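S.K.: Structure in structure tokens, see below.
Every number here is computed from the coordinates shown, using simple stated rules; none is lab data. None of these values were measured; they are calculated from a predicted model. Cβ atoms come from the backbone with ideal geometry, glycine included; neighbour counts cover every protein chain shown.
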Amino acid sequence: MGRLRWLELVADYRCNNRCLGCFSVSDTLPGMDSREAFATMKAGRLEGATGLWMGGGDPTLRRDLFDLLRAARKLGYRDLKLQTNGMLFAYPEFTERALAAGLTEVSLHLMDSEAALHDELAATEGCFDHLLKGLRELRARDVPVEGDILVYQRNLHRIPEIVRFFHGEGVHRFKLWLFSAVDQGGEDLSGEVPRIEEVVARLVEALDLGLSDDPAFITSYHTPPCTVPASHHRALFYPPELGLMVACPGGDRFLLETSPMEGGAFLDTCAGCSLRPRCGGPRADYLRIHGGEIFRPPPPPASRP
């Protein structure tokens, strides 16, 4: 890893959604109190991080959220991002207080562009309507908003339409997160892990809509470069380049690229791949469910006569 750029503060796991298969949703697991959260942010700054990425659970539920945002600004963090389901931003007073405390950007969890499937996957009736109201409150105040599309088997065919709809609502960038069967407890949700080739087909379709000239308009996580056409490699993601440290309650800290959610299970056929220097490898849970047939090194360039 190069220079540390982001500290992801996972201060607790409370959430007002119950998204299908989400392992980071709990009202009972230990969380950071304000003192631990502040100490963690201070340590991140001392190590060079200039961006604070608050995740969870849902960080908007913390009673000390505005205090933490103000403290982060005083510590010298320039970029303050909340990764959230966005429901509380439907209330103008909450939005105004967050911005006054220093919030600079928001990443919204997107399940679908229609209420029925979004609410079904989030297991929370009415959450789509609150999300949309929250998005419109943010955009009315010119807050940069990204969309985190969690891709399940049941919504992968909807990726182009999700991108089209939310781009029309002012979301300027999107990230595709492939659902993982890691840490699902006793529940077998392997059927919801989509095949990468099907996700890539929808990714290509979404990019080919021509909605934006931004090279980072759509970033696809968990899709090694050998699975994406070279013509669409602008969508690739290589975790070490983000420069992100994840900090959880109790002092647990790790670099993003070391997480099993980000890959690391290289195959024997990966050894001589020319794309290996910028590849995190497939995830072990994906290989267990779907096998490694799709992960093949590209052929060497044809030699000139």
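S.K.: Against the longest alpha carbon principal axis of the chain, how many degrees, from 0 to 90 and to the nearest 10, is the axis of helix 196-207 turned?
M.R.: 70 degrees
S.K.: Residue separation times 0.36 nm, minus the C-alpha to C-alpha distance between VAL182 and ASP129: what's the value?
M.R.: So the chain would gain 16.1 nm between VAL182 and ASP129.
S.K.: Follow-up question, since we're still on this one. Across 5 Å bins from the origin, how do the percents of Cα pairs in segment 51-180 run, short distances first?
M.R.: Bin by bin from 0 Å, the calculated values are 2, 11, 22, 24, 19, 12, 7, 3, 0.
S.K.: Continuing with this model, one more query. How large is ³J(HN,Hα) for each residue in segment 266-273, as worked out from phi by the Karplus curve 6.51 cos²θ - 1.76 cosθ + 1.60 (θ = phi - 60°), to whole Hz, x for Gly and Pro?
M.R.: Once rounded to whole Hz, the list reads 5, 8, 4, 5, 7, 4, x, 6.
S.K.: What is the calculated FRET efficiency for ARG35 to ARG296, with r their C-beta to C-beta distance and R₀ = 35 Å, to the nearest 0.05?
M.R.: 0.10
S.K.: Once the other residues with Cβ under 14 Å from the Cβ of PRO240 are scored (Lys, Arg +1; Asp, Glu -1), what is the net sum?
M.R.: Here the charged neighbours net out to +1.
S.K.: With the cut-off at 14 Å, report for segment 15-93 the share of all Cα pairs above it, as a whole percent. Don't jump to the answer; show the numbers that get you there.
M.R.: On the way: 2009 of 3081 pairs.
It works out to 65 percent of all Cα pairs.
S.K.: Shifting gears a bit: Just the Kirkwood number for the chain, please: inverse of mean 1/r across all distinct Cα pairs, in Å, one decimal.
M.R.: Its Kirkwood hydrodynamic radius stands at 20.1 Å.
S.K.: In nm, what is the difference between 0.36 nm times the number of residues separating ASP79 and THR269 and their Cα-Cα distance?
M.R.: Details: separation 190, 0.36 × 190 = 68.40 nm, distance 3.99 nm.
Length gained between ASP79 and THR269: 64.4 nm.
S.K.: First select every other residue whose beta carbon is under 11 angstrom from the beta carbon of GLU161; then total the charges, Lys and Arg +1, Asp and Glu -1.
M.R.: Neighbour charge sum, excluding GLU161 itself: 0.
S.K.: Next up: With θ taken as phi - 60° and the coefficients 6.51, -1.76 and 1.60, list the Karplus ³J(HN,Hα) couplings across segment 248-259 in order, rounded to whole Hz; mark glycine and proline as x.
M.R.: 10, x, x, x, 6, 9, 7, 6, 3, 5, 8, 6
S.K.: P(r) for segment 225-305: what percent of alpha-carbon pairs falls in each 5 Å bin, starting at zero?
M.R.: 3, 13, 20, 21, 18, 11, 7, 4, 2, 1, 0, 0, 0
S.K.: Under the definition of Cα pairs under 8 Å and six or more residues apart, what whole-number percent is the relative contact order of segment 1-105?
M.R.: On the way: 160 pairs, mean separation 31.0, N = 105.
Computed over segment 1-105, the figure is 30 percent.
S.K.: ³J(HN,Hα) across segment 139-147 via Karplus (A = 6.51, B = -1.76, C = 1.60, θ = phi - 60°), whole Hz, x for Gly/Pro?
M.R.: Once rounded to whole Hz, the list reads 5, 5, 10, 6, 7, x, 10, 9, x.
S.K.: Which Cys residues of the chain have no other Cys beta carbon under 4.7 Å away?
M.R.: CYS15, CYS127, CYS226, CYS248, CYS270, CYS273, CYS279
S.K.: For segment 186-292, which GluC sites (Glu not before Pro) are both in a DSSP coil and crowded by at most 16 other Cβ atoms within 10 Å?
M.R.: Sites meeting the loop and neighbour criteria: GLU187.
S.K.: Can you divide the C-alpha Rg of segment 128-265 by 2.2 N^0.38 Å and report the result to two decimal places?
M.R.: Working: Rg = 16.0 Å, N = 138, 2.2 N^0.38 = 14.3 Å.
Relative to the 2.2 N^0.38 Å estimate, segment 128-265 comes out at 1.12.
S.K.: For segment 110-142, run through the GluC sites (Glu not before Pro) and keep only the ones in DSSP coil with at most 11 other Cβ atoms within 10 Å of their Cβ.
M.R.: The qualifying sites are GLU125.
S.K.: Further question: Size of the dipole of segment 105-169 about the Cα centre, Lys and Arg at +1 and Asp and Glu at -1 on the beta carbon, nothing else charged, in debye to 20?
M.R.: Magnitude of the dipole: close to 140 debye.
S.K.: Could you tell me which GluC sites (Glu not before Pro) in segment 1-108 are loop residues by DSSP with no more than 12 other beta carbons within 10 angstrom of their beta carbon?
M.R.: Answer in residue order: GLU47.
S.K.: Could you pull out the pairs from LYS74/LYS133; LYS42/LYS81; LYS74/LYS175 whose alpha carbons sit more than 27 Å apart here?
M.R.: LYS74/LYS133; LYS74/LYS175
S.K.: Using modelled backbone amide H atoms (1.01 Å from N, in-plane), which distant-in-sequence or interchain residues come within less than 5 Å of VAL151's amide H?
M.R.: TRP177, LEU178, PHE179
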